[in-house]
1. Which residue out of B:A15, B:A24 is more than 11 Å from chain A (Cβ to nearest Cβ), more than 23 Å from A:A276 (Cβ to Cβ) and within 15 Å of DNA strand D (Cβ to nearest atom)?
2. Show the residue pairs that are 6+ apart or on different chains and have beta-carbon atoms under 6 Å apart, the first residue being within region B:195-216 and more than 18 Å from B:G150 (Cβ to Cβ), the second being open to solvent by 20 Å² or more (accessible area, probe 1.4 Å) and assigned to a helix (DSSP H, G or I).
3. Please go through region A:280-289 and pick out each residue that is away from chain B (no Cβ under 14 Å), of a type in the set (A, V, I, L, M) and touching a residue at least 60 places away in the same chain (Cβ under 8 Å).
4. With the condition kept exactly as written, say whether any residue in region A:136-157 is open to solvent by 30 Å² or more (accessible area, probe 1.4 Å), on the phi > 0 side of the Ramachandran plot and in contact with a strand residue (DSSP E or B) (Cβ under 7 Å, 6 or more places away or on another chain).
5. Name the pairs whose Cβ atoms lie under 6 Å apart, with the first residue in region A:125-139 and within 14 Å of chain B (Cβ to nearest Cβ), the second β-branched (V, I, T), and 6 or more positions between them or separate chains?
6. When only residues in region B:158-183 that are on the phi < 0 side of the Ramachandran plot and among the small types (G, A, S) count, which is surrounded by the fewest Cβ atoms within 10 Å (Cβ to Cβ)?
7. State yes or no: is A:V34 in a helix (DSSP H, G or I) and either among the basic types (K, R) or in contact with a Pro (Cβ under 7 Å, 6 or more places away or on another chain) (or both)?
8. Quick test for you: out of B:A80, B:A104, B:A99, pick the one residue that is at pLDDT 95 or above, farther than 22 Å from A:G141 by Cα and away from DNA strand D (no atom under 16 Å from the Cβ).
Number of protein chains: 2
Amino acid sequence: MALDPRRLLILRDVARAGSISAAARTLGWTQPAVSQHLARLERDAGAPLLLRGPGGVTPTEAGELLLRRADVVAAELHAAEEELAALTQLRAGRVRLVAFPSAAATLVPEAVGALAAAHPDVTVGLEEAEPPEALAAVASGDADLALVFGYDGPPAGLGPLVWQRLLDEAVHLVVPPGRRGPGRRGLAALAADDWIGGCVRCRTHLVECCEAAGFTPTVRHTTDDYVVVQALVARGLGVTVLPASALAAYRHPDVQVVPMASLGRRHVGLVHRPGADGVPATAALVAEVRRAARDTA
Amino acid sequence: MALDPRRLLILRDVARAGSISAAARTLGWTQPAVSQHLARLERDAGAPLLLRGPGGVTPTEAGELLLRRADVVAAELHAAEEELAALTQLRAGRVRLVAFPSAAATLVPEAVGALAAAHPDVTVGLEEAEPPEALAAVASGDADLALVFGYDGPPAGLGPLVWQRLLDEAVHLVVPPGRRGPGRRGLAALAADDWIGGCVRCRTHLVECCEAAGFTPTVRHTTDDYVVVQALVARGLGVTVLPASALAAYRHPDVQVVPMASLGRRHVGLVHRPGADGVPATAALVAEVRRAARDTA
DNA sequence: GAGAAGGCATAACCTGAGCTTGTGGCCCTC
DNA sequence: GAGGGCCACAAGCTCAGGTTATGCCTTCTC
């Protein structure tokens with residue numbers, strides 16, 4: 001009783017061709033193949049669909065009925081293939097990207113700009129969020145791609161998500177002008193200083209590094225804006241740490257930058273759901289972000 | 001690249017069930033079966049359609065696209081099955097019947113009336129036509145069923161059409177009141193009479209019978225109305241032949257009816273295109289006509 | 001009318017699509 | 001860390017769905 005939609009399309013071909021043999025020729029099949037499909041369809045339908053006459057075949061009332069439906073099915077199928085082709089050829093599509101703020105200011109504009117230039121009909125939605133929220137957005141399906149970072153490895157809480165490393169960068173100590181470096185004592189030399197913290201994740205890393213050096217930092221100021229941070233440091237209001245890319249993007253002329261291995265390295269990467277890198281629009285954006293990362297490295 | 005509509009429906013089942021395993025359970029299949037169908041569909045589509053996450057699966061942009069189309073396809077299929085069921089259960093349908101005039105006055109009303117009573121939603125279109133035109137109508141597809149007759153066998157020119165014999169009837173000589181019968185001389189005794197002819201086919205048969213008896217009849221009057229014919233005969237305006245059923249339907253009190261084997265027999269039957277007797281509505285009407293013929297015989 | 005041509009169905013065969021079972025990996029939950 | 005749910009992958013087996021071969025039908029042509 002259940003109709004096979006493929007046979008509906010075959011019925012349509014036969015009706016258009018006017019005979020079973022003619023339909024077989026257009027399908028590149030033999031006549032019995034088509035004949036058997038029709039016989040099966042008629043059995044499933046419970047009524048004759050075509051009357052076999054000399055020189056061809058004419059639909060019955062039931063046949064006409066199915067032909068009307070088959071036309072709709074064929075149209076839907078064709079439209080689906082068209083839309084699908086648009087997606088795979090990047091003539092359509094949408095990517096929802098979540099990125100952490102400093103990336104949004106550097107990598108993202110370059111990548112999104114390049115994608116828009118190459119494929120103007122692919123739309124990119126950008127949202128700023130720190131790694132934990134970004135991961136949640138991707139995991140829940142609210143975003144397709146997240147630009148996130150972690151210290152000394154991928155961020156925690158990846159779950160089933162896929163991590164694609166983009167670049168590692170050093171984390172530097174940033175101190176006011178004229179201030180002497182920490183020397184061999186390392187971070188411990190700054191135990192008494194006021195500290196400027198960034199986002200939650202960065203501050204956590206900062207605190208961990210300090211505690212590894214034997215003290216708990218006094219975090220007096222908090223901002224994740226690396227321009228603001230440097231302005232505060234330049235005025236002597238505190239010390240901080242900044243990843244190399246933030247300093248590459250903007251470097252206040254007065255601050256001192258001190259490389260320190262004990263501050264670890266920041267790992268920047270893309271995160272998406274497994275398989276999402278097969279989605280054409282997402283893959284294209286991933287490629288552009290990777291290119292941008294390679295260019296800035 | 002060509003999408004298999006069956007897999008589209010499977011995709012739909014999976015999306016509705018929320019996971020491949022759940023869809024497999026509702027389909028009564030195993031999980032790998034569904035998994036393979038999806039893999040093939042994604043290959044044909046050229047893009048991932050579902051992202052596999054923990055606890056189930058969520059459609060991609062391409063997947064959503066196909067799901068919308070699949071909904072339409074499923075709706076069409078369902079509607080087609082509904083309409084088909086209506087046809088096979090005689091809750092809908094149409095039969096176009098062509099019948100020769102005297103049948104239209106006797107068999108047809110009974111049969112069509114019975115069909116209408118049993119299946120009020122099946123519509124019957126009736127048209128009157130003599131056998132040759134009736135056969136042409138069926139052959140060309142303008143009619144589904146024809147009630148026709150032939151003398152001493154099925155009518156000529158059947159071609160590929162199917163003949164279903166309904167009944168045979170005697171053909172009687174009809175002469176004015178008081179007139180002596182033909183006796184052993186047979187038809188030849190009426191060589192000098194005026195004859196009343198019916199339709200073309202009937203007159204042809206009349207002429208053939210007379211010529212077999214050695215003369216060519218003078219056909220003075222022509223009408224295919226058996227009431228009119230008998231009125232003419234009753235007034236002594238001519239002689240004629242009439243099939244038994246015409247005389248059973250109406251018998252003028254004054255005419256004499258003389259059975260004559262040499263007038264042959266008239267064969268009444270149904271004609272349809274091969275396979276048309278499988279069409280539910282047509283089959284139902286055929287059955288009613290046969291019943292009516294059996295009852296009148 | 002005999003033959004050729006074109007249509008369809010049927011039968012028998014054979015390959016591969018599409019099921020199955022079995023297994024392993026991954027994630028989450030308890 | 002044991003258990004359960006999800007998935008993909010691999011290998012096997014069965015039958016759907018092709019094929020070729022054949023026969024019958026009607027129509028057209030000479």
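The values are calculated or read from the model by the stated rules, or taken from the named source; none is laboratory data. In this text the structure is predicted, and so the values were computed from the model without any measurement. A quick note on method: Cβ atoms are made from the backbone with ideal geometry, for glycine too, and the neighbour counts reach across all protein chains shown. Note: accessible area is taken over every heavy atom of the protein model, side chains too, but ligands, DNA and RNA are not part of it. Shrake-Rupley method; radii C 1.70, N 1.55, O 1.52, S 1.80 Å.
1. Working: B:A15 fails: more than 23 Å from A:A276 (Cβ to Cβ).
So the residue among B:A15, B:A24 that is more than 11 Å from chain A (Cβ to nearest Cβ), more than 23 Å from A:A276 (Cβ to Cβ) and within 15 Å of DNA strand D (Cβ to nearest atom) is B:A24.
2. B:I196/B:L232; B:A213/B:A188; B:G214/B:A188
3. From region A:280-289, those away from chain B (no Cβ under 14 Å) are A:287-289; that's our starting set.
Now narrow it down to the ones that are of a type in the set (A, V, I, L, M): A:287, A:289.
If the condition is that a residue be away from chain B (no Cβ under 14 Å), of a type in the set (A, V, I, L, M) and touching a residue at least 60 places away in the same chain (Cβ under 8 Å), then A:V289 is the only one that fits.
4. Yes: one or more hits.
5. From region A:125-139, the pairs are A:A137/A:V98; A:V138/A:V271.
6. Quick first cut of region B:158-183, residues on the phi < 0 side of the Ramachandran plot only: B:158, B:160-177, B:179-182.
Narrowing the set further to residues that are among the small types (G, A, S) leaves B:170, B:181.
Values: B:A170: 16, B:G181: 13.
Selected residue: B:G181.
7. Working: in a helix (DSSP H, G or I): yes; either among the basic types (K, R) or in contact with a Pro (Cβ under 7 Å, 6 or more places away or on another chain) (or both): no.
No.
8. Details: B:A104 fails: at pLDDT 95 or above; B:A99 fails: at pLDDT 95 or above.
When all the criteria are applied, what remains is B:A80.
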